[in-house]
Amino acid sequence: MTNIVIVGAQWGDEGKGKVIDLFAPKVDFIVRYQGGNNAGHTVVIGEDEFILHLVPSGILHKGKICVIGNGVVIDPKALLDEIETLEKKGIEIDGRLLVSEEAHVIFPYHKRLDEIKEEKKGKIGTTKKGIGPCYADKVARLGIRVIDLLDEATLKEKLHNNLEEKNAILTKIYMQEAFDFETIYREYLNYAKCIKKYVCDTAATLNDAIRKKKRILFEGAQGTLLDVDHGTYPFVTSSNSTAGGASTGTGVGPTKIDKVIGVVKAYTTRVGEGPFPTEFTKDLMGRIRQKGKEFGATTGRPRRCGWFDSLIVKHSIMINGIDEIVVTKLDVLDDLDSLKICTAYRFEGKVYNGFSSDVKVLTGCEPIYEELPGWKKDTTKITSYLKLPSNAKNYLKRIQVLLKTKIVLVSVGSDRRQTFSKGA
Ligand code: IMP
């Protein structure tokens, strides 16, 4: 049994798409367990770049079965558009994509409410895809699931009840236009017809597969610091992006999971609002953003960039039970004279050696850094760890020592071939 969870160990965009793509040939099923089309997993194959939002990245590997688990929130239009785009590129979907009947569905009022909240003070900097409002309805037990979508009478009743409430909020609190029941109802009945063939009890399918010794890869979206329980709350997404979400978001028990792999960038990025202790100042921000192409795969927003923060990654290792680390985008640091690694925070005279759940501390702290010399050499063509410049090896070794966790793979570019194992 080798069922693996791959999680982001920072604030998302660590390069999970590429890592999942590398592991996909070794497994039978690739499963998304949380989030929705707020995610953007980029995979580069030769000249072709694929950005996947809802469909698991494993779809690019012939014969692999891809599952959208119960923990995911689905915008059916986004899903159908993505399927169409993939099919146009010659990728076979039918018989390879399974959608959980228990996954919750995003409706236009979720997106509208997300947008309205983002116009107000205290915004989170969301992707405005309706993710938070949809999960809020799920937890409030008002949500409409895929199984409800497939039953005309249930959809009618639930949508009617939901719209009554949502329209009152929209018109009376936010002074916005109400949504028309009939328009949404017809539109979503149409979506239901199109997605019906993919829908099943995915928890049963996955557990049956495990009994038959099939291997599962659980594909985390976003990152640990965006987890609603363990991240920089309230500047987080609305799901459990950590490894624990792989169980609740698929119906596969934790005893069936063998390994957790954490993906980290060789530096740090985040999109949206919220604390970011090691954020660069303007000059370095611009340089690294351009070199690392740090623009959101879903929204196109420029990502905030900063030095490697060992405290947040140590927190991720603990929360996820990470066994091994993959370091991505090392090449982005090739030109720097020296590099900094954050090893502690100082706030109001007190030194913090670990992550703090207090946003005030993370926002106001001064990072304490170790400084290491840069390598000033192009690493993008390097094919083995041993051939890396010695300062690049020293940088990775220092990270490994600080994290007390083995780095198993290093990536120096977006292509599948620009990856090598770290060795001892
Ligand atoms: P939401 O998930 O759209 O509600 O956004 C909440 C926070 O998570 C915002 O800071 C987003 O920028 C961030 N976020 C959501 N999805 C991703 C992702 O895939 N990568 C990086 N950040 C994300």
> Across region 52-71, which residue is nearest to the ligand (Cβ to nearest atom) among those that are closer than 13 Å to residue 20 by Cα and aliphatic (A, V, I, L, M)?
Replying inline: 52
> Is at least one residue of region 106-122 part of a helix (DSSP H, G or I), loosely packed, with under 14 Cβ neighbours inside 10 Å and either within 16 Å of the ligand (Cβ to nearest atom) or at pLDDT 95 or above (or both)?
Replying inline: no
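If you go through region 282-294 one residue at a time, do you hit one that is under 30 Å from residue 96 (Cα atoms) and surrounded by 21 or more Cβ atoms within 10 Å (Cβ to Cβ)?
No: zero hits.
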> Of the residues that make up region 186-197, is at least one farther than 27 Å from residue 28 by Cα, among the hydroxyl-bearing types (Ser, Thr, Tyr) and under 26 Å from the mean Cα position of the chain (by Cα)?
Replying inline: yes
> Which one is surrounded by the most Cβ atoms within 10 Å (Cβ to Cβ) among residues in region 135-157 that are touching a residue at least 40 places away in the same chain (Cβ under 8 Å) and farther than 21 Å from residue 194 by Cα?
Replying inline: 135
> From the set of residues in region 208-260 that are more than 20 Å from residue 102 (Cβ to Cβ) and outside any loop (DSSP other than H, G, I, E, B), which is nearest to the ligand (Cβ to nearest atom)?
Replying inline: 226
>> I'd like to check something: does region 26-42 contain any residue that is under 25 Å from residue 266 (Cβ atoms), hydroxyl-bearing (Ser, Thr, Tyr) and in contact (Cβ under 8 Å) with a residue 40 or more places away in the chain?
In response: yes
>> Step by step: first the residues of region 129-176, then only those that are among the β-branched types (Val, Ile, Thr) and assigned to a helix (DSSP H, G or I), then the one that is nearest to the chain's Cα centre (by Cα). Which residue is that?
In response: 131
> Here are some residues: 43, 27, 67. Which one is within 25 Å of residue 139 (Cα to Cα), surrounded by 21 or more Cβ atoms within 10 Å (Cβ to Cβ) and β-branched (Val, Ile, Thr)?
Replying inline: 67
> Say we look at region 206-235 and pick out the residues that are within 19 Å of residue 32 (Cβ to Cβ) and among the polar types (S, T, N, Q); which of these is surrounded by the fewest Cβ atoms within 10 Å (Cβ to Cβ)?
Replying inline: 207
> Taking the condition surrounded by 20 or more Cβ atoms within 10 Å (Cβ to Cβ) and among the polar types (S, T, N, Q), does residue 269 pass?
Replying inline: yes
> Does region 276-287 include one or more residues that are more than 15 Å from the ligand (Cβ to nearest atom), among the aromatic types (Phe, Trp, Tyr) and out of contact with any helix residue (DSSP H, G or I) (no Cβ under 6 Å at 6 or more places or on another chain)?
Replying inline: yes
> Considering region 379-401 alone, what residues qualify as being farther than 19 Å from residue 14 by Cα, aliphatic (A, V, I, L, M) and part of a helix (DSSP H, G or I)?
Replying inline: 386, 401
> Which strands (runs of 3 or more DSSP E) sit wholly inside region 330-378 and have at least 1 residues that are in contact with a Lys or Arg (Cβ under 8 Å, 6 or more places away or on another chain) and of a type in the set (A, V, I, L, M, F, W, C)?
Replying inline: 338-347, 366-373
>> For the structure I just gave you, tell me whether residue 203 is part of a helix (DSSP H, G or I), surrounded by 13 or more Cβ atoms within 10 Å (Cβ to Cβ) and under 23 Å from the mean Cα position of the chain (by Cα).
In response: yes
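The values are calculated or read from the model by the stated rules, or taken from the named source; none is laboratory data. All values derive from a computational prediction rather than experimental measurement. Virtual Cβ from ideal backbone geometry, glycine too; neighbours counted across all protein chains shown.
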